[in-house]
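Shown next, in structure tokens, is the structure this report addresses.
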Amino acid sequence: MFLINCPYCGERDQSEFVSGGEAHIARPKQPTELNDDQWAEYLFMRKNIKGIQFERWNHAHGCRKWFNVARDTSNDKIEKIYKMGEQPPKL
Amino acid sequence: MSKNLRINNKQFVDETRKLSFIFNGKKLYGYKGDTLASALLSNDIHLVGRSFKYHRPRGIMTSGSEEPNAILQIGNDDALTDPNVRATEIELYDGLICNSQNCWPSVKFDIGGINNFLSPLLPAGFYYKTFMWPASFWEKYEYFIRKSAGLGKSPTKQDPDMYDHRYMHCDILIVGGGVSGLIAAKIASDDNKKVLLLEDKELLGGSLIYDDNDISKIDNQKSSEWLKKLIENIKNDKNIIIKTRTSLAAYHNYNFLLARQNLTDHLSVNDRNNKIRQRLYKIRAKKVIISTGAIERPQVFHNNDRPGIMLASAVKKYIDYYGVRCGLENVIFTNNDSAYETALSLHKSGTKLNAIIDIRNNSSSEIVNKVKSLGIQIYWNHTVVNTKGYKRINKIIIMKLNDKGNDVVGKKIELNCDCLAISGGWTPMVHLFTQSGGKLKFDNKDNIFVPDKTNLNQLSIGSTKGDFELDDVLKNSIKDTKKFLQIENSNFDKIDVKCSKEKEKKNIWLLPSDKPLSKTKPFLDYQNDSTAKDIKLALREGFKSIEHVKRYTTTGMGTDQGKLANMHALGIVADTTNTNMGELGTTTFRPPYTPLTFGTIVGRNVGQFFDIFRKTPMHDWHVNNNAKFENVGQWKRAWYYPKDGESMHDAVQRESKAARESSGILDASTLGKIDIQGTDANEFLNRVYTNAWSKLQIGKCRYGLMLNEDGMVYDDGVTTKLGENHYLMTTTTGGAANVMSKLEDYLQTEWPELDVFLTSVTDHYATASVCGPNAKKIINKIFKDLDLSDESFPHMSFKEVRLGNINCRIMRISFTGELSYEINVEASYGKYIWEKCIEAGKEFNITPYGTETMHLLRAEKGFIIVGQDTDGTMTPVDLQMDWIISKRKYDFIGKRSLYRSDTIREDRKQLVGLLTDDPNEILEEGAQIVKDENKKPVNMLGHVTSSYFSPTLKKSIALAVLKEGKKLKGQKLLVPMIDKTIKVTVSDTVFLDKENERING
Ligand SMILES: [Zn+2]
């Protein structure tokens, strides 16, 4: 039960949020140009690392906004929170 | 109380308030302030239970939550009885009824005790090795194991007690109200911090509050006197909230903690009425200070488990706090100085102390010198090699240790002893620290694990940190707390502490006996009967990891979670394998620290509050008209409306016939509704649905199918174009929230350039759907001015009309295949419009129908239900819905996946219809479909997804997903059931009205 500092609402309990998996996987602009392997790379392949992971989170029971979180998966420590469209921080 | 076991003690026990209680059917007395354990001891009762495996007699051993033996069943009411209650923790109240557990037929004569004599046959892993095979014998084993094992009995009736949850926030949470916690609280409060102080006992002060020796002094006062003043000060401190009888259950990440407060368990049963029994606090603390103290260790020697063998600190507490002597022939057996405090307490209370056995060669600290000066016999460098007395210890046998401490030498000495106070040193209670993710380090000097690294804003102080002597405890607590809170000065800075200092240390994890180890029973885990022998056996059999050794021997797996046993188990493993204890690590301490009742965990979320449910505005009408309900997501939906004792089948047949022959009405309010606005709304629909939306005109409706990016069907529904840039999307009832968040996700993260706004309006509107050949006449009666001609109001179109003040959105759309109108009104008018339809439809026998009939009607038409006929593995092509996939659109969610090598396979499972050869045979949903049931293994081709008896077609119909189903039309297949095999023929998915004529009435 960690605390997440929503960039729009402030610090709230984790139970107000849902996780949306790995961040910075942009939907291809021209899916029809991709072969099966390239499409599968977008569709299925996700990292599962021990350490700092960049994730999408949604304040589902609050402002409903999506944003990015850099979280250390080994201890759930949140290193950085930044908005959609922003570049991942260097950590 | 025939023996003189009570000592006058006015401080903590109120001897003017005599309380009666019943133990194993016998009426006994104690006083207000007693625990059940101290009251039993004052009645000379040590034997309270039997051990788990060997059923050996076991007595009260401790005075706290680490108690392994005195586990009782409290109460004899089927609803209120509580198993596994520690007698050392429960406060005595008048009328308390308790019974021993784990003994059959009685604590004094226990049949399982025969296991004790069979114990050579019951080594570690015995249960694993023996009861594994043959499997068919398990039932026989189980009968005996359950009868003779088992810890207490659960209540059989619903818990009538009330439980509560509360959130709390604080700057500093202090866990443990002993001296170090109290000092920390005061320092934090003086710095204007909001402090929450938790103490699991009824009184603050920890063990120092009843300390009665003359050696320890704080600021030249008796330490307990000094502490009493501090407590008074803290009780009047407005910055400090104190919760007593409150134990911390769990310490989670981000300083989120759960604590349980006992509010009524100490009251007599009559005084508990209408009071909350326990409260669970959910605490968010900016900083946490753990001052939970330390637990004394036993010593491990042959027959160290007899009733009357107790921790030395417990013997001291029973005298100094409760005024109870645990025996009249006391002996102390120790490896450290702290047990000499017990010696002084025994002496001061005039209780006979026969001798002290100390495994050390000598000690010359102030406290030991004082004991020596009292003329008490001390046997240095000696150990207990055996004890005697079956139901109560009566003698001990001691011998001298050799130089290495691994064997005994010389002559046996026998001493009278009815209470053996043992001390093997102290173990810091680091459970909470490790629960929170903290890492421990091993301290070789005291053989303890102490807190080391943590990611959280927390501090461990006092004996939790490994400080055991009063001056260290106080001075380090002050210093560490100041640093933790970044405070320069405190009112404790000039504190003056005097105490005895221990100089000699010696520790032997497994004490030697004159007998070989195989002939002895040195217990580690008293509850689970694991001995040092078992640990050695596990090591011989190849178990190396401490976690494996623990499970194989069940050491530390009782209700006490090995609070006493763990360190010795580790020590013996380390000694046997020649490993450093620090490298072995510890087993994992998991929450809860002490057991929680289920009632506390669920709080008020019981019965109708267990889960929230949603009702439509017409709900009361359904209830009044005898509807049966089904849960769809959180919604209560009318399922069917039985009349005059109709069965479900009969009701559904009647309802669906009425809908086809005249008219039916369905409450469709639960469908998800999303209001979509913005200049790019049309483009947005093109991207989220598989079909084309560009040419949809205002006032028209269109069915859409939504996929996941993997090409699998996700949701479906009708969307209506209300205005140029305004749409109303409907979703399935169960999928509403997910669709909303999925669309929001794409809008915010993939297509932020689109000018589109989504609003969930599911709850804002109520929907009455009127269908059947007479639907038009009924709508006409209500909306007299509305032109219902097919030219003006065709199928898949929409009109906005007013009925008095009520704005009505009417969609002519159909999920039944019948002519059908859906009237949407603001939710508050829902019941009104529903009753209006019922009234207008009376002459046409308008029949309310529920979800079951809706499912039947749509199945006759072959319409899918997402989630019933699909399961996240079906593409639109699998569903034979190729027609809904736009060929022209460049992209939509899931499009690329529709021609992955896997999705274009022709042998995928596809949606088909099934007709049974016997038209009266109704298939079971979920039943498997096969071609040949004799060839093993039987090849499963698919399964039935929807199945009904159609009253209109007068035969059974079903939908199914079937491997290569499209090619199998007309084929005969089999559906094997447990008692028969049903023959079926693959058919089209549309069973009724293939030409779609009914839709026009
Ligand atoms: Zn927010």
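Summary table below
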read-out: Candidates B:T762, B:T730 - the one that is under 34 Å from the mean Cα position of the chain (by Cα) and more than 14 Å from every other protein chain (Cβ to nearest Cβ); value: B:T762
read-out: Selection count where residues are away from the ligand (no atom under 16 Å from the Cβ) and more than 11 Å from chain B (Cβ to nearest Cβ), scope segment A:1-25; value: 1
read-out: Subset tally (residues that are in a loop (DSSP other than H, G, I, E, B), farther than 18 Å from B:G178 by Cβ and touching a residue at least 24 places away in the same chain (Cβ under 8 Å)) for segment B:239-263; value: 1
read-out: Filter result for the condition that a residue is under 27 Å from B:E744 (Cβ atoms) and aliphatic (A, V, I, L, M), over B:I893, B:I904; value: B:I893
read-out: Test: residue in segment A:31-38 that is within 16 Å of the ligand (Cβ to nearest atom), of a type outside the set (D, E) and modelled with pLDDT of 95 or more; value: no
read-out: Matching strands (runs of 3 or more DSSP E) fully within chain A where at least 2 residues are free of Cβ contacts under 8 Å to residues at least 24 places away in the same chain; value: A:10-13, A:66-72, A:77-83
read-out: Residue selected from segment B:733-755 under the condition in a loop (DSSP other than H, G, I, E, B) and within 14 Å of chain A (Cβ to nearest Cβ), by the criterion nearest to A:F67 (Cα to Cα); value: B:P752
read-out: Residue within segment B:877-897 that is surrounded by 19 or more Cβ atoms within 10 Å (Cβ to Cβ), within 13 Å of chain A (Cβ to nearest Cβ), polar (S, T, N, Q) and in contact (Cβ under 8 Å) with a residue 40 or more places away in the chain present; value: yes
read-out: Residues of segment A:26-42 satisfying the condition of being at the interface with chain B (Cβ under 10 Å from one of its Cβ atoms) and closer than 28 Å to A:K90 by Cβ; value: A:A26, A:R27, A:P28, A:K29, A:Q38, A:Y42
read-out: Residue count for segment A:40-57, restricted to those that are small (G, A, S) and within 16 Å of the ligand (Cβ to nearest atom); value: 0
read-out: Pairs with Cβ under 6 Å, 6+ apart, first in segment B:36-54 and polar (S, T, N, Q), second outside any loop (DSSP other than H, G, I, E, B); value: B:S38/B:Y318; B:S38/B:V324; B:S42/B:R6; B:S42/B:V324; B:N43/B:L28; B:S51/B:R58
read-out: For B:L267: the one exception among (1) touching a residue at least 40 places away in the same chain (Cβ under 8 Å); (2) under 30 Å from A:F2 (Cα atoms); value: (2)
read-out: Some residue of segment B:513-522 being in contact with a helix residue (DSSP H, G or I) (Cβ under 9 Å, 6 or more places away or on another chain), under 20 Å from B:P428 (Cα atoms), assigned to a loop (DSSP other than H, G, I, E, B) and in contact (Cβ under 8 Å) with a residue 24 or more places away in the chain; value: no
read-out: Residue in segment A:43-57 that is farthest from the chain's Cα centre (by Cα), counting only those that are crowded, with 16+ Cβ neighbours inside 10 Å and away from chain B (no Cβ under 12 Å); value: A:I52
read-out: Criterion (of a type in the set (A, V, I, L, M) and crowded, with 23+ Cβ neighbours inside 10 Å) met by exactly one of B:L28, B:L19, B:L72; value: B:L72
read-out: Strands (runs of 3 or more DSSP E) within segment B:340-443 that include 2 or more residues among the basic types (K, R) and surrounded by 15 or more Cβ atoms within 10 Å (Cβ to Cβ); value: B:395-401
read-out: Residue within segment B:572-579 that is crowded, with 22+ Cβ neighbours inside 10 Å and in contact (Cβ under 8 Å) with a residue 40 or more places away in the chain present; value: yes
read-out: Evaluation of A:A60 against (1) surrounded by fewer than 13 Cβ atoms within 10 Å (Cβ to Cβ); (2) of a type in the set (A, V, I, L, M); (3) within 16 Å of the ligand (Cβ to nearest atom) (one fails), failing number; value: (1)
read-out: Segment A:63-91, subset among the hydrophobic types (A, V, I, L, M, F, W, C), within 16 Å of the ligand (Cβ to nearest atom) and over 12 Å from B:Q748 (Cβ atoms), residue least open to solvent (accessible area, probe 1.4 Å); value: A:V69
read-out: Segment B:982-1001 - residue that is in contact (Cβ under 8 Å) with a residue 24 or more places away in the chain and part of a loop (DSSP other than H, G, I, E, B) and, of those, most open to solvent (accessible area, probe 1.4 Å); value: B:N996
read-out: Failed condition for B:L596, given (1) more than 30 Å from B:T847 (Cβ to Cβ); (2) in a helix (DSSP H, G or I); value: (2)
read-out: Flag if A:R71 is over 24 Å from B:L743 (Cα atoms), of a type in the set (K, R) and within 12 Å of another protein chain (Cβ to nearest Cβ); value: yes
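The values are calculated or read from the model by the stated rules, or taken from the named source; none is laboratory data. Just so it is clear, the structure is predicted and the values come from calculations on it, not from any experiment. Backbone-built Cβ (ideal geometry, glycine too); neighbour counts: all protein chains shown. Just so you know, the surface numbers come from the protein's heavy atoms only, side chains and all, with ligands and any DNA or RNA stripped out. Shrake-Rupley method; radii C 1.70, N 1.55, O 1.52, S 1.80 Å.
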